[in-house]
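Nothing in this text is a laboratory measurement; each read-out follows from the coordinates by a stated rule. Quantities reported herein were computed from a predicted structural model and do not represent experimental measurements.
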Amino acid sequence: MTLTRTHIRRGTLLAALLALLCSAFLVQTGKADAADFPDCPAGQFCLYDGSGGTGTRVDVAEGTKAERDAGTILSVKNNTGMWACMYGKAEYGGGLQTVKPGNGDEYVTDGTRWVVGSYKLVPTRALCFTGYERCQDGQVCTFAERNGRGAMTVHAPATDAATQNHGNSYGPEVAPVSVFNRTAKHLCFYPNPDYTGTWDGGAYGAYVVLRGQSVTVPSPFTGTFRSHELVNGTSECQ
């Protein structure tokens with residue numbers, strides 16, 4: 001009987017010790033999690049130049065829409081109700097990573113840094129995949145990447161004295177991949193800088209983007225636009 005009682009007591013004591021150890025472990029883990037990004041205020045998107053929410057912190061208020069100069073970013077905490085869009089290049093270009101509301105993220109993995117080139121806050125994750133919102137009312141905007149991402153060029157309407165067409169020569173350095181026509185007129189694109197030309201030996205005439213429309217330009221037109229004109233009806237395209 002004595003051996004039985006001793007065995008029971010030792011088992012009970014062992015179980016109690018295990019429970020205490022597990023409890024201590026759980027408390028320590030919880031404290032470690034809570035310590036991550038402890039200084040990021042509510043309603044702010046916090047960017048740190050150190051990993052794990054360390055180093056210098058920069059706060060971006062919820063509702064901020066403009067692109068920001070990223071600088072050195074090694075970790076972030078999203079304490080806003082919006083999605084954070086993180087891009088590998090300036091002007092919303094390059095690779096994309098998203099941070100949902102309430103989450104943090106790290107940009108150094110196994111010693112390898114993922115460079116953040118630009119970022120923005122948006123209401124839904126789908127809006128991370130576009131950059132058309134940068135184009136203002138009354139502008140013709142072209143972009144270096146799909147879906148309005150990458151470097152943006154604004155082409156302000158101007159009357160050509162010789163042709164009386166409205167448009168701008170793009171020059172060979174501008175190769176639009178996507179377009180937003182945020183004007184009240186239709187937009188006719190041409191492969192020549194003088195508002196003329198066709199594609200594929202005349203098989204395709206002017207490439208048209210209707211008023212208020214945005215588009216990722218398909219082949220064979222991608223990167224070939226050199227001028228445009230704004231017209232009231234698509235039949236007016238050259």
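If you wrap the range 190-238 in the convex hull of its Cα atoms and look at it from every side, the mean projected area works out to 3.5 nm². Percent of C-alpha pairs per 5 Å bin in the range 44-129, short distances first: 3, 17, 28, 30, 17, 4, 1.
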